[in-house]
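Novice: Right, I'll just put the structure down here and ask away after.
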Amino acid sequence: MSTSPVQRPVVLVTGGAGEIGSAISTTFAANGYIVVATYNRDHRKAERLIASLPGTGHQIVQAPTTDAAAIDALRQIMVSTFGRLDVLVNNAGITTPVAHNDLDALTDEWIDRIMQTNFRGGFAMVRAMRSLLEQAAEITGQSSLVVNISSIAGIYGIGSNVAYCASKAAVDSMTRSLARVLAPKIRMVSVSPGFVEGEYTKNFDPSFLKNQMDNTPMGRFATGQDVANAVYSLATSLTFTTGNIITVDGGRLLK
């Protein structure tokens, strides 16, 4: 562990340059946090994110959450550079649109990829960063926080494909399980959005999007900023919350 932890709080956001990740990164940076954002392949997009963040000291690291060696290298960077981690946001995730009744189209390869990234990757990050999160809790005298970006697909089983829904249900189960064993130094919460409008919206059938909109009482899709607001509130205001699933769905589960 670093002998001289940095004085400012540190947030690590996996998949930090995406629609949700960039909103989370920007929100924390604007409030004085040092942001470490990971990315998988798109270095230019990650560079643009870091250049846009207010404040100083931010970093990007290529660290796919399915790559054990990359996660270990990231952990070493976090230890040597910062010596603490106050908030971990497991945001990296993948999916692909497959009709739930088309069982043949959801291949074994896609099932494995989705589960490895969405569930196993998040668990691997918590496992790797546990000591840093505990170190931050000792510095501040308050619990550190892990937020797993989940989805209401994991609750009601309607989403881009069956495997995606199952992966998010697994994420929520992990949140509850780890909240129990990592308290009081580390809190675990799932933030569970409904459909989030973003670049990938064009990948979905227009009829699917219309159905999602028609069944959202608030009359719009969530934005990345809606999700970021929930995550930041958990870090700064809702500090007695752990093991919960916080929905950001505009009332979608009411339909």
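The values are calculated or read from the model by the stated rules, or taken from the named source; none is laboratory data. What you are looking at is a predicted structure, and each value in this text was computed from that prediction instead of being measured. Cβ: placed from backbone, ideal geometry, glycine included. Neighbour counts: every protein chain shown.
Novice: Please enumerate the residues belonging to the stretch 140-198 that are touching a residue at least 60 places away in the same chain (Cβ under 8 Å), within 19 Å of GLY251 (Cβ to Cβ), of a type in the set (Ser, Thr, Tyr) and surrounded by 16 or more Cβ atoms within 10 Å (Cβ to Cβ).
Specialist: The answer is SER150, and nothing else.
Novice: Separate question: Output the strands (runs of 3 or more DSSP E) that fall wholly within the stretch 1-114 and possess 2 or more residues being free of Cβ contacts under 8 Å to residues at least 60 places away in the same chain, or say none.
Specialist: 34-39, 59-62
Let's see how each residue does on (1) in contact with a Pro (Cβ under 8 Å, 6 or more places away or on another chain); (2) of a type in the set (A, V, I, L, M); (3) at negative phi:
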| site | (1), (2), (3) |
| --- | --- |
| GLN7 | no, no, yes |
| TYR33 | yes, no, yes |
| ALA46 | no, yes, yes |
| VAL61 | no, yes, yes |
| ASP72 | no, no, yes |
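Novice: Residue check, LEU133 against (1) assigned to a helix (DSSP H, G or I); (2) of a type outside the set (Gly, Ala, Ser); (3) surrounded by fewer than 22 Cβ atoms within 10 Å (Cβ to Cβ), all met but one. Which one?
Specialist: Just one mismatch for LEU133, condition (3).
Novice: So in the stretch 202-212, with the set limited to residues that are touching a residue at least 12 places away in the same chain (Cβ under 8 Å) and under 19 Å from GLY250 (Cβ atoms), which one is surrounded by the fewest Cβ atoms within 10 Å (Cβ to Cβ)?
Specialist: That would be PHE204.
Novice: Right, here's the next one. Could you list, in sequence order, all residues of the stretch 181-201 that are modelled with pLDDT of 95 or more and either part of a loop (DSSP other than H, G, I, E, B) or of a type in the set (Ser, Thr, Tyr) (or both)?
Specialist: ALA183, PRO184, LYS185, SER190, SER192
Novice: Out of ILE71, ILE50, ILE24, ILE60, I need the residue that is surrounded by fewer than 20 Cβ atoms within 10 Å (Cβ to Cβ) and of a type outside the set (Ser, Thr, Tyr). Which one? Even if it seems obvious, please write down each step before you answer.
Specialist: Details: ILE71 fails: surrounded by fewer than 20 Cβ atoms within 10 Å (Cβ to Cβ); ILE24 fails: surrounded by fewer than 20 Cβ atoms within 10 Å (Cβ to Cβ); ILE60 fails: surrounded by fewer than 20 Cβ atoms within 10 Å (Cβ to Cβ).
Result of the check over ILE71, ILE50, ILE24, ILE60: ILE50.
Novice: So if I check each of LYS168, LYS185, which one is touching a helix residue (DSSP H, G or I) at 6+ places or on another chain (Cβ under 6 Å), charged (D, E, K, R) and more than 24 Å from ALA17 (Cβ to Cβ)?
Specialist: LYS185
Residue-wise test of (1) farther than 18 Å from PHE82 by Cβ; (2) assigned to a helix (DSSP H, G or I); (3) within 12 Å of the chain's Cα centre (by Cα); (4) of a type outside the set (Ser, Thr, Tyr).
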site: GLU138; (1), (2), (3), (4): no, yes, no, yes
site: GLN142; (1), (2), (3), (4): no, no, no, yes
site: GLY154; (1), (2), (3), (4): yes, yes, no, yes
site: ALA170; (1), (2), (3), (4): yes, yes, no, yes
site: SER173; (1), (2), (3), (4): yes, yes, no, no
site: ALA179; (1), (2), (3), (4): yes, yes, no, yes
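Novice: Additional query: ASN229 - would you say it is farther than 19 Å from ILE20 by Cα and out of contact with any Pro (no Cβ under 8 Å at 6 or more places or on another chain)?
Specialist: Values: farther than 19 Å from ILE20 by Cα: no; out of contact with any Pro (no Cβ under 8 Å at 6 or more places or on another chain): yes.
Considered against the rule, which asks whether it is farther than 19 Å from ILE20 by Cα and out of contact with any Pro (no Cβ under 8 Å at 6 or more places or on another chain), ASN229 comes out as no.
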